[in-house]
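Working notes for the structure below.
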Amino acid sequence: MSELKHLKSEWKAIMSCMGCGDCGYAIRPAVDRYLTCPVKEAKGDEGFEIYFSRGRMNVLKSILLGQIPLSRELAEFVYQCSECGNCTEVCHMSQSEHIVLNTSKWIDHVKVWEALRQDLIEAGFAPLDRHGQLIDFMNNDTMRNPYGEEEGKKFEWISEFPEIKDKGELVFFGGCTMPLRQVDTLKSMMKILKAAGKDIAMSKNEWCCGSVALRIGDQSSLIDIIKHNIDVFKNMGAKTIFTACAGCYRTWKKDYPELLGEELPFEVKHITEILAEMLNNNEIPFKTVEGSETITWHDPCHLGRHMNLYEIPREAILKIPGLEFKEMKRNRNNAWCCGAGGGVKSQFPDLALDISKERISEAIDTGAQLLTTSCPFCINNFESAYKEMESEDQEKITVIDIIDLISSKI
Ligand code: SF4
Ligand code: SF4
């Protein structure tokens with residue numbers, strides 16, 4: 001049996017699970033909580049214990065007690081978790097601010113799942129096939145992105161914007177998904193910044209933030225990646241770096257300082273914070289908008305539950321002209337995941353799609369014509385699900401990144 005180094009460090013958390021099952025079954029209408037685990041729900045009748053937190057915790061207890069070993073079969077089950085963190089919000093023994101018992105404040109579920117993934121990798125039972133490929137691409141010196149694209153491709157769009165500087169106090173971290181899969185949204189971002197008279201700098205030497213490897217549980221090359229990226233931005237004179245990806249944001253703001261054991265030498269912001277600042281200062285010159293559309297906001301897990309950034313995107317939406325805001329039934333810390341995170345989209349695409357369809361249906365139920373968010377993974381997964389929906393449902397709603405939405409009104 002492997003040393004279980006990482007799981008042992010989560011021993012208190014794992015042993016604290018009291019087996020109540022709220023992580024699988026909780027319905028609390030008084031606080032807008034309607035079920036907890038998107039994977040368990042998407043599995044339907046097959047959603048037995050190992051697919052949600054209680055069953056996993058029981059398996060982990062048995063592993064720590066030496067009763068069962070780690071295995072490849074276990075890995076196939078436990079990577080079917082989007083690491084959305086919804087179980088932490090409902091768990092009586094968790095970090096949740098909403099449930100405080102004398103015995104609580106023990107379980108940070110995503111931390112436990114990532115400890116398990118690290119031990120599975122170190123024991124040779126993971127990564128799963130597709131995940132291993134993504135990590136290899138990310139660490140490849142000619143790529144430095146998990147999509148397997150040649151490194152320069154990520155920066156091609158920059159040539160259209162000579163106003164982007166090489167050095168400066170406000171630096172944009174482009175990440176991988178937007179420049180390689182949603183480049184038009186980056187162009188929309190530049191349109192907004194230009195209209196607001198904001199200068200930004202960017203480097204063609206940034207590497208993938210490493211989020212994909214962290215979530216999968218492989219930290220072997222992370223310190224090199226972190227040091228490289230920090231050096232790049234330090235040399236540019238950065239005081240603030242910002243990103244349009246919720247995953248990059250969590251990785252930069254939460255994981256980098258934790259892994260380094262020290263504060264970063266600059267502030268890290270998400271694009272919604274930059275947009276909210278510009279909107280609050282009336283810096284975005286909107287054209288006259290006639291009529292009104294209804295809109296709802298999806299909280300990306302890496303912005304909301306992982307980073308507590310709930311109100312700023314809403315504040316931004318309320319300042320955009322011609323919109324009437326409607327909240328989904330499950331919002332903020334109760335928001336239903338889009339299904340893409342934790343490596344689910346790459347390794348288990350059908351599961352990711354099923355979860356995503358459920359979230360789009362919830363958005364349609366509000367009567368909103370627009371579903372907006374600010375995470376390229378959520379957008380990508382929603383767009384895949386949208387393509388598979390009935391045309392009558394497609395007609396009811398449009399999925400749009402908040403950046404494209406603002407840009408369309410300038
Ligand atoms: S809600 Fe928390 S304590 Fe209850 S079964 Fe799930 S993990 Fe265990
Ligand atoms: S993190 Fe999300 S997907 Fe994973 S077990 Fe918890 S509720 Fe389910």
Q: Output the residues belonging to the range 204-235 that are more than 21 Å from the chain's Cα centre (by Cα) and surrounded by 20 or more Cβ atoms within 10 Å (Cβ to Cβ).
A: Phe233
Q | Residue list for the range 44-57, restricted to those being more than 15 Å from Cys87 (Cα to Cα) and either crowded, with 21+ Cβ neighbours inside 10 Å or touching a Leu at 6+ places or on another chain (Cβ under 8 Å) (or both) | A | none
Q | Positions within the range 372-398 being surrounded by 22 or more Cβ atoms within 10 Å (Cβ to Cβ) and either within 17 Å of the chain's Cα centre (by Cα) or among the aromatic types (Phe, Trp, Tyr) (or both), in sequence order | A | Thr372, Thr373, Ser374, Cys375, Pro376, Phe377, Cys378, Ile379, Asn381, Phe382
Q.
If I ask for residues that are in contact (Cβ under 8 Å) with a residue 12 or more places away in the chain, away from ligand 1 (no atom under 15 Å from the Cβ) and more than 16 Å from the chain's Cα centre (by Cα), which ones from the range 65-90 would you list?
A. Gly66, Pro69, Leu70, Ser71, Arg72, Leu74, Ala75, Glu76, Phe77
Q. If you check Lys253, Lys287, Lys239, which single one turns out to be surrounded by fewer than 24 Cβ atoms within 10 Å (Cβ to Cβ) and under 27 Å from Glu149 (Cβ atoms)?
A. Lys253
Q: Quickly run through the range 32-54 and pick out the residues that are within 15 Å of ligand 1 (Cβ to nearest atom), in a helix (DSSP H, G or I) and hydrophobic (A, V, I, L, M, F, W, C).
A: Val39, Ile50
Q | Close pairs from the range 12-28: first part of a loop (DSSP other than H, G, I, E, B), partner among the β-branched types (Val, Ile, Thr) and near ligand 1 (Cβ under 7 Å from one of its atoms), Cβ under 7 Å, at least 6 apart | A | Cys17/Ile107; Ala26/Val90
Q | the range 99-127: number of residues that are under 20 Å from Glu73 (Cα atoms) and in a loop (DSSP other than H, G, I, E, B) | A | 5
Q) Could we say that Ser96 is of a type in the set (Ser, Thr, Tyr), farther than 23 Å from Cys378 by Cα and either within 13 Å of ligand 2 (Cβ to nearest atom) or buried (at least 23 other Cβ atoms within 10 Å of the Cβ) (or both) here? A) yes
Q.
Take the conditions under 20 Å from Arg330 (Cα atoms), among the basic types (Lys, Arg), at pLDDT 95 or above and within 12 Å of ligand 2 (Cβ to nearest atom) and apply them to Lys111. Does it pass?
A. no
Q: Could you check, for the range 55-69, whether at least one of its residues is closer than 13 Å to Leu351 by Cβ, part of a helix (DSSP H, G or I) and assigned by TED's automatic domain parsing to the domain that holds Leu116?
A: no
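Would you tally the residues in the range 258-287 being assigned to a loop (DSSP other than H, G, I, E, B), touching a residue at least 12 places away in the same chain (Cβ under 8 Å) and not aromatic (Phe, Trp, Tyr)?
Result for the range 258-287: 6.
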Q: Output the number of residues of the range 80-126 satisfying the condition of being touching a Ser or Thr at 6+ places or on another chain (Cβ under 9 Å) and of a type in the set (S, T, N, Q).
A: 7
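Within the range 67-83, does at least one residue satisfy the condition of being within 13 Å of ligand 2 (Cβ to nearest atom), in contact with a helix residue (DSSP H, G or I) (Cβ under 7 Å, 6 or more places away or on another chain), among the polar types (S, T, N, Q) and farther than 18 Å from His6 by Cα?
Yes, that holds for at least one residue.
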Q. Can you spot a residue in the range 264-273 that is over 28 Å from Asp108 (Cβ atoms) and either surrounded by fewer than 16 Cβ atoms within 10 Å (Cβ to Cβ) or not assigned by TED's automatic domain parsing to the domain that holds Cys176 (or both)?
A. no
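The values are calculated or read from the model by the stated rules, or taken from the named source; none is laboratory data. What you are looking at is a predicted structure, and each value in this text was computed from that prediction instead of being measured. Cβ: placed from backbone, ideal geometry, glycine included. Neighbour counts: every protein chain shown.
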